[in-house]
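Before I ask anything, let me first share the structure, which is written out below as structure tokens.
The values are calculated or read from the model by the stated rules, or taken from the named source; none is laboratory data. Fair warning: this is a prediction, and the values are worked out from it, not measured in the lab. FYI the Cβ positions are ideal-geometry reconstructions off the backbone, even for glycines, and counts take in every protein chain you see. We work out accessible area using only protein heavy atoms, side chains counted, and drop any ligands, DNA or RNA first. Shrake-Rupley method; radii C 1.70, N 1.55, O 1.52, S 1.80 Å.
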Amino acid sequence: MLQIIPVYEGNTIAVRASGKLSHEDYQKFIPELEKHIEEHEKITLLFEFDNFTGWDLDAVKDDFKFGMKHLENFERIAMVGDKAWERWMSFIAKPFLIAGKVKYFNRENLQDAWDWLREREDLEKLAEQLQPYKNIVVAVDYSIYAKHACKRAIELAKHYKASLTLLNVALEYVPYSAYGDAMGAYLIDEAIIEEQNKARMEAAEAQMKVFTDELETDYPITSKVICGETKTSIVTFLEAQDADLVVFGARKKKGLNKLIGSIPQYVQSNSRCEMLIVPVQDLTF
């Protein structure tokens, strides 16, 4: 599956590839990417491999045709993954990028990939300055603790006049190859897994609407549901959105202690934005 991750910058696009890519995936994805190219002419691209197992033959052809057609439109391409053969792909692509550059980054260096795309030469200078929050993201699981965290985030967003986004990650079912390689046959019918993922996304989006409505606020909120592994997907979204604060909910000190060593700690270690954990002090809101 190919999934476009919303990006804060105008001419940058982020794409997450998971499972085995098919011709149908490219038919949905290419028009969106070409629209972006038509609007900006020159773009930078972050391509993240997450539980990626390869392509079918038609998808390989689609990828090659699109790449050859738009050689001049890519300024830079950052590839992020955790497998040796994914790194080799970046070396294979380099000779074809006449006007641009391509570079591979391991998953733990995702921040470096974004810095390379954005060319932040003044990053150290910015780090020394305390800036007001402009882009706040709340990671929600639709619990009462997430609702409490949202209320705190709304207060902060109002104070700083910042944008506010609620993010939920729907866990993705991933097919596994019978032979452990990119072109192997799946142990479970790919279509069944795709339908399961689609159903999970639809259910999560419905929950998000109900959850947002129950906040009963007139402050503008953007909601987003994406599919993938929770901790890595949150980090990818934060970097793509250039978020400067991420908010998590927790259940008193006991819940806070449980968070240490889990998703928030991973996010804190692998993203550049500040993090706020909001524990529920009592059971009344």
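Can you tell me which residue within the stretch 241-263, out of those that are in contact with a strand residue (DSSP E or B) (Cβ under 6 Å, 6 or more places away or on another chain), at negative phi and at pLDDT below 90, is most open to solvent (accessible area, probe 1.4 Å)?
Arg251
Can you tell me which residue in the stretch 152-164 is nearest to the chain's Cα centre (by Cα), limited to those that are surrounded by fewer than 22 Cβ atoms within 10 Å (Cβ to Cβ) and closer than 20 Å to Ala240 by Cβ?
Ser163
Rundown of residues vs (1) assigned to a strand (DSSP E or B); (2) closer than 30 Å to Pro264 by Cα; (3) at pLDDT 90 or above, yes/no style:
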site	(1), (2), (3)
Tyr179	no, no, no
Met183	no, no, no
Ile193	no, yes, no
Glu205	no, yes, yes
Val210	no, yes, yes
Thr217	no, yes, yes
Ser223	yes, yes, yes
Thr232	no, yes, yes
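State all residues of the stretch 91-103 that are open to solvent by less than 20 Å² (accessible area, probe 1.4 Å) and at pLDDT 55 or above; if no residue qualifies, say none.
Val102 - this is the single residue of the stretch 91-103 that is open to solvent by less than 20 Å² (accessible area, probe 1.4 Å) and at pLDDT 55 or above.
Would you mind stating whether Val174 is at negative phi and modelled with pLDDT of 95 or more?
No.
Across the stretch 200-240, what is the number of residues that are small (Gly, Ala, Ser) and open to solvent by less than 30 Å² (accessible area, probe 1.4 Å)?
4
What number goes with the only condition from (1) open to solvent by 40 Å² or more (accessible area, probe 1.4 Å); (2) over 21 Å from Val102 (Cβ atoms) that Trp55 does not pass?
Checking Trp55 against (1) open to solvent by 40 Å² or more (accessible area, probe 1.4 Å); (2) over 21 Å from Val102 (Cβ atoms), the one that fails is (2).
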